[in-house]
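**Q** My questions all concern the structure below.
None of the figures in this text is laboratory data; all of them are computed from the coordinates on show. Note that the structure is predicted; figures quoted are calculated from it, not measured. When we count neighbours, we look across all protein chains shown, and the Cβ atoms used for this are built from the backbone with ideal geometry, even at glycine.
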Ligand code: BJW
Ligand code: ZN
């Protein structure tokens, strides 16, 4: 049988026999769907760094600017489709009874690919939330979307996502931590691993005995702290991993 040399045997063996698998995804998995990442040359919108836009302070200072950034991204997302990386993870989920797909992405593409056991750490761009009373708006009609809409209480609506300095949704964080603690294999896919607490999950998994594998276009700050670091596009590597997994030993 041909060896799939991209993946060390130890990894494939451990994955075949794993009973619990956790995957953390970041913006890189959606890059091949045409969704810009945050950092790197592709990450700039009108010369602003995401750190200057994804904060409550930025929204309070200039709500129209931040709202326009999210509307711009909503427009990109309205045309985006899941890519082979998302689809491979949907296939991977089916192989394991205990599987958790933890995502930092707010784009909903894992849901579109058919994944079911998803933990959204940073919210979802589809929803909006009142800055003052917290009321959630699942949808808005298009007349409300041009400029910052207001809640029935008069407060401004903001995207229901997690900005810097804000806490992550408590249940999602708890689910992610538990998945990291109990998994046998932890995959970190398409994330620069600089934003915490998401970035700590691979360390937590490893401290609890998981075999940690990273898939990224380039080395990251965690590359020397994982068991295997694979460089390449998630949309190519993940389908190949599914093939390798299905090959007879
Ligand atoms: C490919 C590819 C392809 C490309 N295939 N790969 C501990 C230490 C230091 C700081 C902190 C800490 N704990 C907390 C903090 C503060 C802060 C933080 O982490 N700061 C650091 C940046 C220094 N964290 C927070 O504030 C968090 N809240 C918190 O901790 O609350 C508790 C608290 C409250 C108050 C006071 C103190 C504590 C909240 C973080 C929220 C992050 N929000 C954002 C925006 C979400 C909404 C939106 O989308 O607009 O989340 S920022 C942005 O970064 C977004 C992402 O989810 C997140 C991570 O980015 P990601 O996904 O890794 O993307 P990139 O672009 O960085 O990387 C893409 C990667 O893909 C690259 O590596 C490419 O190579 C690769 N790639 N194409 C494979 N085809
Ligand atoms: Zn309100």
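**Q** Would you pick out the residues in the range 116-165 that are in a loop (DSSP other than H, G, I, E, B) and within 17 Å of the chain's Cα centre (by Cα)?
**A** At the first step, the residues of the range 116-165 found to be in a loop (DSSP other than H, G, I, E, B) are 116-117, 121-122, 131-135, 138-141, 145-149, 151-155, 162-163, 165.
If the condition is that a residue be in a loop (DSSP other than H, G, I, E, B) and within 17 Å of the chain's Cα centre (by Cα), then 116, 117, 121, 122, 162, 163 are the ones that fit.
Here is a yes/no grid of residues against (1) farther than 30 Å from residue 236 by Cα; (2) within 11 Å of ligand 1 (Cβ to nearest atom); (3) surrounded by fewer than 18 Cβ atoms within 10 Å (Cβ to Cβ):
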residue	(1), (2), (3)
81	no, no, yes
85	no, yes, no
100	no, no, no
114	no, no, yes
174	yes, no, yes
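**Q** Another question, if that's okay. Helices (runs of 4 or more DSSP H) wholly in the range 1-68 with at least 3 residues that are within 10 Å of ligand 1 (Cβ to nearest atom) - which ones? Before you say what the answer is, go through the steps one by one.
**A** Numbers: elements: 9-17, 28-31, 50-53, 56-61.
By residue number, 28-31, 50-53.
**Q** Same structure again: Among the residues of the range 201-210, is there at least one that is more than 15 Å from residue 26 (Cβ to Cβ) and within 16 Å of ligand 2 (Cβ to nearest atom)? Walk me through it before giving the result.
**A** Filtering the range 201-210 down to residues more than 15 Å from residue 26 (Cβ to Cβ) leaves 203-210.
Applying the additional criterion that residues be within 16 Å of ligand 2 (Cβ to nearest atom) yields none.
No, because not a single residue in the range 201-210 is more than 15 Å from residue 26 (Cβ to Cβ) and within 16 Å of ligand 2 (Cβ to nearest atom).
**Q** Any chance you could count how many residues in the range 189-202 are crowded, with 23+ Cβ neighbours inside 10 Å and near ligand 1 (Cβ under 6 Å from one of its atoms)?
**A** Going through the range 189-202 one residue at a time, the tally reaches 2.
**Q** Can you spot a residue in the range 68-78 that is surrounded by 13 or more Cβ atoms within 10 Å (Cβ to Cβ), out of contact with any strand residue (DSSP E or B) (no Cβ under 8 Å at 6 or more places or on another chain) and closer than 20 Å to residue 233 by Cβ?
**A** Scanning the range 68-78 turns up at least one residue that is surrounded by 13 or more Cβ atoms within 10 Å (Cβ to Cβ), out of contact with any strand residue (DSSP E or B) (no Cβ under 8 Å at 6 or more places or on another chain) and closer than 20 Å to residue 233 by Cβ.
**Q** Anything in the range 147-166 that is farther than 13 Å from residue 127 by Cβ, touching a residue at least 24 places away in the same chain (Cβ under 8 Å) and either crowded, with 17+ Cβ neighbours inside 10 Å or within 16 Å of ligand 2 (Cβ to nearest atom) (or both)? List them, or say none.
**A** The answer is 148, 155, 156, 163.
**Q** Now for a separate question. Residue check, residue 205 against (1) more than 30 Å from residue 74 (Cβ to Cβ); (2) within 15 Å of ligand 1 (Cβ to nearest atom); (3) within 18 Å of the chain's Cα centre (by Cα), all met but one. Which one?
**A** All conditions pass for residue 205, except number (2).
**Q** List the pairs whose first member sits in the range 32-54 and is at negative phi, whose second member is within 16 Å of ligand 2 (Cβ to nearest atom), and whose Cβ atoms are under 9 Å apart, counting only residues at least 6 apart or on separate chains?
**A** Qualifying pairs under 9 Å: 53/59.
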